[in-house]
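Since every read-out is calculated from the coordinates, none of them should be taken as a lab result. All of these numbers come straight from a predicted model, not from anything done at the bench. So basically every Cβ, Gly included, is an ideal-geometry build from the backbone, and we count neighbours across all protein chains shown.
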Amino acid sequence: MTTTNPLLEDFELPPFEQFSAEQIEPAMTQLIEDGKQTIEQLLANSEPATWQNFIEPLDQQERRMDNAWALFSHLSNVKDSPELRDAYGKALAMVTEYSTWLGQHAGLFKAYKSIEQSEQFADLSIAQQETIRQALLDFRLSGIDLPAEKQQQYAQLKTELAKLSQTYSEQLLDATQSWTRPVDDVAELAGLPQTALDTLAQYAKQKDQTGWLITLEMPSVIPVLTYADNRELREEVYRANVSKASDLGPDAGKFDNGPVMTEILQKRQQVAELLGYNSHADVSLATKMAQSPTQVIEFLQQLADKAVPQAKQEFEQLAAFAKNELGINELQPWDVSYASEKLKQKTYSISQEELRAYFPASKALVGLFETTTRLFNVTFEPAEEFESYHPDVSLHNVYENGKLIARFYLDLYAREGKRGGAWMDDCRVRMQLDEDNTQLPVAYLTCNFTAPVDGKPSLLTHDEVTTLFHEFGHGLHHMLTRINVKSVSGINGVAWDAVELPSQFMENWCWQEEALAFISGHVETREKLPKDMLEKLLAAKNFQSAMATVRQLEFSMFDMLLHMKTDGFSVDDIQSLLNEVRSQVSVVPAIAENRFQNGFAHIFAGGYAAGYYSYKWAEVLSADAFSRFEEEGIFNETAGLDFRNIVLANGGSVPAAELFEKFRGREPSVEPLLRHNGIAAA
């Protein structure tokens with residue numbers, strides 16, 4: 001008796017509970033085979049290629065693969081296991097090979113080109129035309145114009161790069177999880193708030209240990225560096241964290257990402273040269289809003305010119321406070337968060353820990369939904385029955401005027417086997433299935449907050465509430481699209497340096513009194529955040545904002561300059577470049593053992609290579625977009641629906657710059673960002 005592989009069936013939602021790792025390889029083999037067969041059948045058609053007879057059936061076939069891939073690529077991030085890791089690695093190689101085959105398929109390229117050059121092209125919708133344009137650019141970036149021998153070389157490089165990125169990601173996860181520091185005496189953890197102690201006790205319990213266990217997960221690292229009075233402990237945790245996945249530290253060399261980075265950079269440069277570009281930075285910007293690497297560096301330098309002098313003043317003030325009030329004669333990197341928190345408490349009498357009581361995760365969610373309802377006229381309800389991959393995960397339905405328009409999975413808490421950070425990913429893309437049916441968009445929203453412990457609810461810091469709003473902004477971009485063409489629906493086809501616009505835009509409501517009235521609610525009394533605490537929170541909003549800005553500029557400049565290089569990719573070269581960037585923009589001294597780059601997954605294992613500047617680029621857009629609400633009212637119905645109907649609804653079907661200018665009535669200005677960050681414009 002043969003059993004059907006659930007990954008090959010057309011489920012509306014992922015069949016998590018029917019899934020096992022050994023299904024991946026046969027499913028991908030079958031789906032790739034079906035894909036190739038579909039393409040050859042379509043190309044065998046003697047009639048000229050049109051949208052209806054060619055691209056639509058192609059999209060339907062791709063949809064099946066996308067839906068299967070969305071299941072296990074997500075699980076590989078949130079439920080890591082040796083079996084899944086192995087199966088995912090094999091499948092990743094197959095998918096990379098297949099996408100390269102697609103990108104270099106002369107027949108496909110010719111078909112797309114013939115549609116673009118046909119008389120019917122003018123009759124296609126804007127979304128359909130943009131799909132064709134983007135596809136043709138992607139073909140050229142996949143080496144379609146290369147001779148056969150070089151196409152083969154390109155394919156080989158892409159396969160190797162996919163494997164290397166996966167290795168980088170796995171080694172970073174392994175390095176993060178391999179280091180722990182048991183604590184037997186709670187006196188050693190003096191200064192840590194009860195929520196952090198509960199988390200560390202839970203980590204110990206999970207490992208069948210007594211006492212407390214410090215790990216390199218962020219819900220452990222951040223409280224230790226921010227609150228631990230024990231300076232030696234802070235130093236120990238800091239050094240372990242900044243040297244992880246490198247040739248140094250507790251696992252010296254075991255999970256070293258140094259050689260992996262070198263190989264990634266060398267191969268990216270080889271791909272760029274094959275495609276006729278000067279560097280990987282040029283390849284990256286071919287599909288972005290920014291015109292050239294030089295323009296990006298000039299943009300970052302413009303921000304640095306404004307922020308660095310102020311950041312230096314902020315650091316000098318912190319060093320003086322640490323010396324005079326805390327007895328720390330020489331401020332070290334492991335003292336910065338600790339001293340900053342003490343200075344912030346002294347200056348504004350407020351701390352993130354104090355705020356936690358006002359932001360139970362359940363209340364923050366209610367506030368998030370209420371904010372979104374007021375802005376965009378949609379409502380939310382939890383789904384009763386659905387297949388899940390973990391008890392913490394919930395599924396929510398999104399309605400517009402009582403009609404279901406989207407769904408999202410919410411996975412909020414840190415746990416073993418789940419990669420760190422917060423992200424949104426697509427699970428299902430909105431697209432037309434047939435004349436009567438549309439596949440509704442479904443999103444994954446993932447965070448790593450402190451889980452509820454011993455029946456006590458999860459309490460969020462205000463920073464974590466902001467993270468929640470940020471990721472939900474990405475989710476809204478994906479879910480509130482009205483585009484039915486897969487390639488430019490939701491976040492698809494959106495220029496990478498504009499993709500952070502909706503996410504950063506949503507963060508603004510976390511600072512508004514009118515919104516905080518329903519986002520906050522004390523865990524015991526349910527009272528909203530008191531006015532005096534709100535005033536302190538707002539007063540403290542731009543505390544060390546220039547220091548925070550230059551930190552992001554350091555990452556962005558390092559990323560862009562690294563990918564503008566055409567040679568010199570050794571581990572030492574990478575370190576030298578980072579040191580050089582730090583000498584220009586950083587104000588916090590870096591210790592010699594700092595190997596930040598070995599854990600910079602955004603650019604070595606994510607999609608941000610020569611694109612990390614996008615956060616700052618999009619911040620300019622989001623601050624300026626929000627300034628319209630400052631002018632017209634933060635829940636102004638017209639402004640909210642304009643943002644939804646212009647920016648969110650159109651997905652990637654219209655260039656982001658056009659959508660922004662249509663919403664704002666002019667080109668973006670950097671002034672609102674500087675003002676929001678409390679950085680003097682002059």
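Which GluC sites (Glu not before Pro) in the range 288-374 sit in a loop by DSSP (not H, G, I, E or B) and have at most 15 other Cβ atoms within 10 Å of their own Cβ?
In loop regions of the range 288-374 (DSSP not H, G, I, E or B), the sparsely surrounded GluC sites (Glu not before Pro) are E330.
Going toward the positive end of the dipole of the chain, with +1 on Lys and Arg Cβ and -1 on Asp and Glu Cβ, which of T96, P57, S503 do you reach last?
Projecting each Cα onto the dipole axis, the largest value belongs to S503.
Taking all pairs of different Cα atoms in the range 163-291, averaging 1/r and flipping that mean, what Kirkwood radius in angstroms comes out?
Here the Kirkwood hydrodynamic radius works out to 17.1 Å.
Could you work out the local net charge near K36, counting Lys and Arg as +1, Asp and Glu as -1, over the other residues with Cβ closer than 15 Å to its Cβ? Please report the intermediate quantities before stating the final value.
Details: positive: R64; negative: E33, D34, E40, E62, E97.
Within the 15 Å Cβ shell, the charges total -4.
Which of the GluC sites (Glu not before Pro) found in the range 373-479 are loop residues per DSSP with 12 or fewer other Cβ atoms within 10 Å of their Cβ?
Working: sites: E384, E385, E387, E400, E416, E435, E464, E471; in loops: E384, E385, E387, E416, E435.
Within the range 373-479, the qualifying GluC sites (Glu not before Pro) (loop, at most 12 other Cβ atoms within 10 Å) are E384, E385, E416, E435.
Using each residue's phi in the range 311-326, evaluate 6.51 cos²θ - 1.76 cosθ + 1.60 at θ = phi - 60° and report the 3J(HN,Hα) Karplus result to the nearest Hz, with x for Gly and Pro.
4, 4, 4, 4, 5, 4, 4, 5, 4, 5, 4, 4, 6, 6, 9, 10
Run the reach check for K267 against aspartates and glutamates, Cα to Cα strictly under 14 Å, same-chain hits fewer than 8 apart removed. What comes back?
Within reach: E160, D567.
Tell me which of L197, I222, L233 sits at the most positive position along the dipole axis of the range 179-242, charges placed on C-beta atoms (Lys, Arg +1; Asp, Glu -1).
I222
Taking the Cα centre as origin and putting +1 on Lys and Arg beta-carbons and -1 on Asp and Glu beta-carbons, what dipole magnitude results for the range 1-109, to the nearest 20 debye?
220
Relative to the longest principal axis of the C-alpha atoms of the chain, give the angle of the C-alpha long axis of helix 56-78, reported between 0 and 90° and rounded to the nearest 10°.
It works out to around 30 degrees.
Which whole-angstrom value gives the distance between the alpha carbon centres of the range 541-600 and the range 119-193?
A separation of 21 Å, based on Cα centres.
Rounded to whole Å and ordered largest first, report the semi-axes of the equivalent ellipsoid of the range 71-169 derived from its Cα gyration tensor (root of 5λ).
Semi-axes (√(5λ), whole Å): 32, 18, 9.
In the chain, what percentage of the DSSP-assigned beta bridges are antiparallel, given to the nearest 5?
Working: 24 of 30 bridges.
Antiparallel: roughly 80 percent of the beta bridges in the chain.
Setting aside same-chain residues fewer than 8 positions from K363, which lysines have a Cα under 22 Å from its Cα?
Those lysines meeting the cut-off are K456, K528, K531, K536, K541.
I'm a student and want to see the number: the projected area of the Cα convex hull of the range 179-242, averaged over all directions, in nm².
Values: hull surface 14.6 nm².
About 3.7 nm², averaged over all directions.
Taking other Cβ within 10 Å of each residue's Cβ, how do M560, M65, M424 sort, fewest first? It would help to have the intermediate numbers written out before the result.
Working: M560 27, M65 20, M424 23.
Ranked by crowding around the Cβ, least crowded first: M65, M424, M560.
Take V429, V271 and order them by how many other Cβ atoms sit within 10 Å, fewest up front.
V271, V429
Based only on Cα atoms, what Rg/Rh ratio does the chain have, Rh being taken as Kirkwood's radius?
Using Cα coordinates only, the ratio equals 0.95.
Which pairs break 25 Å Cα to Cα here: K254/K616; K207/K244; K342/K616?
K254/K616; K342/K616
Could you list, in their original order, any pairs among K90/K150; K565/K662; K150/K486; K344/K565 whose Cα atoms are separated by more than 32 Å?
In this structure, K565/K662; K344/K565 lie more than 32 Å apart at Cα.
Using amide H atoms built 1.01 Å from N in the peptide plane, name the residues 5+ places from L412, or on other chains, whose amide H lies under 5 Å from its own.
It is C447, by chain and number.
What is the magnitude of the charge dipole of the chain about its Cα centre, with +1 placed on the Cβ of each Lys and Arg, -1 on the Cβ of each Asp and Glu, and no other charges, expressed in debye to the nearest 20?
Dipole of the chain, to the nearest 20 debye: 960 debye.
Helix 231-242 versus the longest principal axis of the chain: what is the Cα-based angle in degrees, 0 to 90, to the nearest 10?
Helix 231-242 sits at roughly 10 degrees to that axis.
Sort D208, D573 by Cβ crowding within 10 Å, fewest neighbours at the top.
Fewest-to-most Cβ neighbours within 10 Å comes out as D208, D573.
For the range 528-541, what does the Karplus curve 6.51 cos²θ - 1.76 cosθ + 1.60, with θ = phi - 60°, yield as ³J(HN,Hα) per residue in whole Hz, taken in order and with x for Gly and Pro?
Listing the rounded values in order: 5, 4, x, 4, 5, 6, 4, 4, 5, 4, 5, 4, 7, 4 Hz.
From the phi angles alone, apply the Karplus equation (6.51, -1.76, 1.60; θ = phi - 60°) to the range 460-472 and give each ³J(HN,Hα) in whole Hz, x where the residue is Gly or Pro.
Each residue's phi maps through the Karplus curve to give 9, 6, 5, 4, 5, 4, 4, 4, 4, 5, 4, 5, 5 Hz.
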